[in-house]
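K.L.:
This is the structure I have questions about; it appears just below.
The values are calculated or read from the model by the stated rules, or taken from the named source; none is laboratory data. Just so it is clear, the model here is predicted, and its values are computed rather than measured. So basically every Cβ, Gly included, is an ideal-geometry build from the backbone, and we count neighbours across all protein chains shown. Note: areas computed on protein heavy atoms with side chains; ligands, DNA, RNA excluded. Shrake-Rupley method; radii C 1.70, N 1.55, O 1.52, S 1.80 Å.
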Amino acid sequence: MACGGGGEDVDKSGNVIDGPVFIKNKFAQVFVTLIYFEYPMVWASVFVDFVPNLVKGSGVIDMFCRVLNALDDELISLDYPRSGEDVAVAGRVKDAMRQQCIAQIVRAWYEILNMYKNSDAELCTTVLECMRRYISWIDIGLIANDAFVPLLFEFILIEGLPEQLRGAGAGCVLAIVAKRMESASKLSLLRSLQINRVFGLVAGDVDSELVSKIGVLLTGFASEALECSKRLEAEEMKVVATELLDEVLPSVFYVMQNCEMDATFNIVQFLSGYVSTLKTRTPLKEKQVVHVQQILEVIHVRICYDPDYRENLSIPDKIGIEEEERMIEYRKDLFVLLRSVSRVAPDITQMFITNLFAGALQTSSDRNVEEVEAALSIFYALGEYLNEEAVRNGNGLVRELLPMLLAARFPCRSNRLVALVYLETITRYVKFVQDNDQCTTLVLAAFLDERGIHHPNINVSQRASYLFMRVVKMMKAQLVPYIGKILQSLQDRVAQFTQLDWKSRDMKNSGSEDGSHIFEAIGLLIGMKDVPQEKQAEYLQSLLIPLCSQVQGLLSNANMQNQEESYAKIANIQQLIMAINALSKGFSERLVTASRPAIGSMFKETLDVLLQILVAFPKVDPLRSKVTSFIHRMVEVLGAAVFPYLPRALEQLLADCEPKEMVGLLVLLNQLICKFNVLMRDILEKIFPVIASRVFDVLLTREIPSGPGSNNEENRELQELQKTLYTFLHVITTHDLSSAFLTSEGKNYLKSIMPLLLHNCCYHKDITVRKSCVQIFIRLIKDWCAGAQEEEKVPGFRNFIVETFAPSCCLYSVLDKSFEFRDANTLVLFGEIVVAQKIMYEKLGDEFLVHFVMKGFQTAHCPQNLAEEYCQKLQGSDVKALKSFYQSLIEDLRRQQNGTFVFK
């Protein structure tokens, strides 16, 4: 294809140059496609032919810039992912342009800019923006010289020129600054630019495009100067680089504080790099101290919320939530920077935060909400990096500021964000209060008055309740003298639960989170043995009686209300159960059963009341779940004293129990068995057949699908039920309760249990489930396999173990190539399988050994000598040696079968 004279063809046609923008852009893309395939091999003169035609006017110049821009977009720029082929072509094109025409193109740019600088600002802007793209890979000497650099600064500095043109000039200077080169050369280049000429420009309108572009230029210059100071070895060069950096930094900090930065510039990355250079320069010089102070000010300014979002954040609405999430993420890196600064200059950091606090405390209105919130957030963030000892001992800043914080009543404390960070900060530093009793009353006041639990914003009030509960956990021994005062302060919040109007449509004010945390805090306080017994009983009775009365009131005529009333009752009962449950968390079994049984009696009466819920609302899953949770608590609190209530409780929980509800019941039974062991035998033997009937009816009548599309709620419920069932069977067998399987009704389910367990020993995808099932068999073998002369406890079980379990689980399943020895969990499972063989030999002797070796090993084509060695290892006493040998035996058999020997 002969394409010579391409530039003349473009000019003569006139149609493309004078056509609409999208036609010109499409022409440029087609032109670049030809360059991609034909330059320089076929169409070697493409640029050489185009450049002379630039004298024909702005239309041709504009078209030439569009072609160069398209070439950068489509092929050269590294801002886009490129294939290996594209990278190779880009290298070919750039090499040819460097050798052939780039000097002519740069000369043309210079001449065009000089010719049109006073007459066509838009064209000059177009040329500069095109030129900026190419500076990174052309010979820097073509641009960074005595002719071009003054021209670029002329564009930047002349006030009458359009901002877009001045910004384009700054973009080209930035490209020069960012050009990759050896550090000494870069330092010389930076020095020659005399960048201080543009410092005055950043003091203009901070919202203008020019100030933003100048800001990016200065920060880019500062970044390069910083890199030079780090990389150069010669001391005199380091001094020059540091001087350049010191000169530009004040303007950079000003920009960072006052202007919207270009998204491509990472403020934190640059500041972190600068701070890291100060680690080896102690003590800091006067200028460096100033710079550190300015960095802290940048952090403070940058973490401030925009006042425009104040109302959105106070509610918060969707916009406010999005802004808060954005700021939380944005602040993370800035707080890491704060940590670095505090390590390099701890005294300066402490002084800065102290001054911030002083300013926040002196503000007389809520107009500085965002600055107060930022000051508190900085103090809070600093605590994340202090160890417990530093907080407890009141490391400098803590000892000075925390008492001020505790006593503070900011005018803007009604603001949600200020109130929240205020309470979070107190909680973070509460370990200091533990060793400073004089602060205890201040902490209590902060949480109990309108700054905390009584804050008018419900979001703050609820969070305050949770944080107060955490504080009580840490300080409860110190708070005993204040229990009366605390209960008095919380009386109105407690009353929300003891005087609920179930007909009320406003369920918000009783906030369940608020209530449960308040009651947990109260329980932690009054449940201590340090509280006198009479007072403890009085406190507890004053809470439990109204709560239980409220439950009984709601239960009366439970079935005689409309649906809306029923929902309201159910919601209120849930909250009441949660409150009682939370209250009980502060009481220990030893206290309520041994030293103060009267307290235990109160909880028994409460349990009696709450069990009535299962009768009144037998099919309301949320209530069943809450009552079950309370029974869990009573098992821990009342211990064996809970036994008289279990038959009734379990009977009600079993009634109309759906499969998904069965999971909660099985978890409760697991807790009971682990807590009481064989004491559960009678209860378990009675209810096991009912449980087995319900569970197996579900699990044996449907297969749980796997693969794409199977991860739905129904399948997840079935998987959870299956996994919980295996845990339940494991808990039964490992707590000497396998007799539950042998009752007259329980035996009916062995035919279902054994195949299910066997299958999951061999093939379940969850290795922990497989291990549990193997352990179940180990315990059953120990329990049910008596000597050969004794009568079998379970007829047929012995043969099942010898003929089915042993070969399927202990041989065929491990021969399967899916059994991965390199996996740690699988190795643990393998260890249990080896233990199972050892137990089978101890209990079944030669009956097991002969069948396993003669039939199993023969089917697997095991060599006679290895079979004999296995018998010797099995009969020995070293289980570890048996495991090692058996693993090597299985791996040998796998190699022998070449991975094709699989038993299903």
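K.L.:
Roll a 1.4 angstrom probe over the protein heavy atoms and tell me the percent of accessible area of the stretch 302-383 that is carbon or sulfur. Walk me through the numbers on the way to the answer.
P.N.:
Values: 2030 of 4080 Å².
So the carbon and sulfur contribution to the accessible surface is 50 percent.
K.L.:
What are the equivalent ellipsoid semi-axes of the stretch 799-853, built from the alpha-carbon gyration tensor (square roots of five times its eigenvalues), in whole angstrom, biggest first?
P.N.:
On the way: eigenvalues 97, 29, 11 Å².
For the stretch 799-853, the ellipsoid semi-axes come out as 22, 12, 7 Å.
K.L.:
Still on this structure, I have one more. If one computes P(r) from the Cα atoms of the stretch 835-904, what percent of pairs lie at distances over 18 Å? Display every interim value, and only then the final one.
P.N.:
Working: 895 of 2415 pairs.
Tail of P(r) above 18 Å: 37 percent of Cα pairs.
K.L.:
If R0 is 51 Å, what FRET efficiency do you get for LYS473 and THR277 from their C-beta distance, rounded to 0.05? Walk me through the numbers before you get to the answer.
P.N.:
Values: r = 44 Å, r/R0 = 0.85.
Using R0 = 51 Å, I get an efficiency of 0.70.
K.L.:
Stretched out fully, how many nm does the piece from LEU654 to ALA44 gain, at 0.36 nm a residue minus the Cα gap?
P.N.:
Extra length available between LEU654 and ALA44 comes to 210.8 nm.
K.L.:
How much of the accessible area of the stretch 612-699, in percent, comes from carbon and sulfur atoms when a 1.4 Å probe is used?
P.N.:
Values: 1820 of 3380 Å².
On the stretch 612-699, the fraction of accessible area on carbon and sulfur atoms equals 54 percent.
K.L.:
List the lysines whose Cα lies under 23 Å from the Cα of LYS626, skipping any in the same chain that are fewer than 8 positions away.
P.N.:
Partners within reach: LYS503, LYS508, LYS569, LYS585, LYS604, LYS660, LYS675, LYS723.
K.L.:
A further question follows. Counting other Cβ atoms within 10 Å, which GluC sites (Glu not before Pro) in the stretch 246-345 have at most 13 and lie in a DSSP loop?
P.N.:
On the way: sites: GLU247, GLU260, GLU286, GLU297, GLU311, GLU322, GLU323, GLU324, GLU325, GLU329; in loops: GLU260.
When the GluC sites (Glu not before Pro) of the stretch 246-345 are filtered for loop state and at most 13 Cβ neighbours within 10 Å, GLU260 remain.
K.L.:
Once you place label points 7 Å from the Cα toward the Cβ at ASP736 and GLU243, how far apart are they in nm?
P.N.:
So the two model labels end up 8.8 nm from each other.
K.L.:
Provide the per residue accessible area, probe 1.4 Å, for the chain, rounded to a whole number of square angstrom. Don't skip to the end; give the middle numbers.
P.N.:
Values: 41150 Å² over 904 residues.
Ligands and nucleic acids excluded, the figure is 46 Å² per residue.
K.L.:
Based on alpha-carbon atoms only, what is the radius of gyration of the chain relative to the globular estimate 2.2 N^0.38 Å? Walk me through the intermediate numbers first.
P.N.:
Numbers: Rg = 39.5 Å, N = 904, 2.2 N^0.38 = 29.2 Å.
Scaled against compact globular proteins, the figure is 1.35.
K.L.:
Of the listed peptides 519-527, 228-236, 547-555, what is their order by residue-averaged count of other C-beta atoms within 10 Å, with the highest listed first?
P.N.:
Averaged packing, sorted descending, gives the order 519-527, 547-555, 228-236.
K.L.:
Give, in nm to one decimal, the length gained when the segment between ARG681 and SER888 is fully stretched (0.36 nm per residue of separation minus the Cα-Cα distance).
P.N.:
Fully extending the segment from ARG681 to SER888 adds 70.2 nm.
K.L.:
Also, quick follow-up: Please give every one of the lysines within straight-line cross-link reach of LYS686, meaning a C-alpha to C-alpha distance under 16 Å, and leave out same-chain neighbours fewer than 8 residues apart.
P.N.:
LYS747
K.L.:
What angle do you read, to the nearest 10 degrees and between 0 and 90, between the alpha-carbon axis of helix 286-302 and the longest principal axis of the chain?
P.N.:
Long axis of 286-302 versus the principal axis of the chain: about 60 degrees.
K.L.:
Another question, if that's okay. Nearest 10 degrees is fine. How inclined is helix 121-134 to the longest principal axis of the chain, computing both from alpha carbons?
P.N.:
60
K.L.:
Measuring from centroid to centroid over Cα atoms, what is the spacing of the stretch 780-832 and the stretch 47-68 in Å?
P.N.:
For the stretch 780-832 versus the stretch 47-68, the Cα centre distance is 84 Å.
K.L.:
Could you check the simple spin-label distance between THR441 and ARG82, using points 7 Å along Cα→Cβ, in nm with one decimal?
P.N.:
That separation, rounded to one decimal, is 7.4 nm.
K.L.:
For the stretch 17-121, what's the relative contact order in percent, using C-alpha pairs closer than 8 Å and at least 6 residues apart?
P.N.:
Working: 51 pairs, mean separation 33.2, N = 105.
Computed over the stretch 17-121, the figure is 32 percent.
K.L.:
Please give the helix 346-362 orientation as an angle from the longest Cα principal axis of the chain, in degrees from 0 to 90, rounded to the nearest 10.
P.N.:
80
K.L.:
Also: Using DSSP to define loop residues, name the trypsin sites (Lys or Arg not before Pro) in the stretch 790-873 whose beta-carbon has at most 14 other beta-carbon atoms within 10 Å.
P.N.:
On the way: sites: LYS793, ARG798, LYS817, ARG822, LYS838, LYS843, LYS855, LYS873; in loops: LYS793, LYS817, ARG822.
Answer in residue order: LYS817, ARG822.
K.L.:
Continuing with this model, one more query. Using alpha-carbon positions, what is the distance between the centroids of the stretch 288-367 and the stretch 105-130, in Å?
P.N.:
44
K.L.:
I need the calculated FRET efficiency for the pair LYS535 and ALA407, taking r as the beta carbon distance and R₀ as 30 Å, to the nearest 0.05. Write down the numbers at each step before the final one.
P.N.:
Values: r = 30 Å, r/R0 = 1.01.
The formula returns an efficiency of 0.50 here.
K.L.:
What's the FRET efficiency of ALA598 with ALA824 using the Cβ-Cβ distance as r and R₀ = 56 Å, to the nearest 0.05?
P.N.:
Details: r = 51 Å, r/R0 = 0.92.
The calculated FRET efficiency here is 0.65.
K.L.:
Identify all aspartates and glutamates with a Cα-Cα distance to LYS765 below 15 Å; exclude those on the same chain that are fewer than 8 residues away in sequence.
P.N.:
Here the aspartates and glutamates satisfying the reach criterion relative to LYS765 are GLU703, GLU720, ASP816, GLU820, ASP823.
K.L.:
Using a 1.4 angstrom probe and counting only protein chains, how large is the accessible area of ARG392 in Å², to 10?
P.N.:
Ignoring ligands and nucleic acids, ARG392 comes out at about 70 Å².
K.L.:
By how many nm would the segment from LEU361 to GLN872 lengthen if fully extended, with 0.36 nm per residue of separation less the alpha-carbon distance? Could you put the intermediate results ahead of the total?
P.N.:
Numbers: separation 511, 0.36 × 511 = 183.96 nm, distance 8.23 nm.
Gain in length upon complete extension: 175.7 nm.
K.L.:
Let me ask something else about it. Which stretch or stretches of the stretch 649-670 have amide N atoms under 17 Å from the point lying 7 Å from GLN612's Cα along the Cα→Cβ direction?
P.N.:
Only 649, 652 pass the distance filter.
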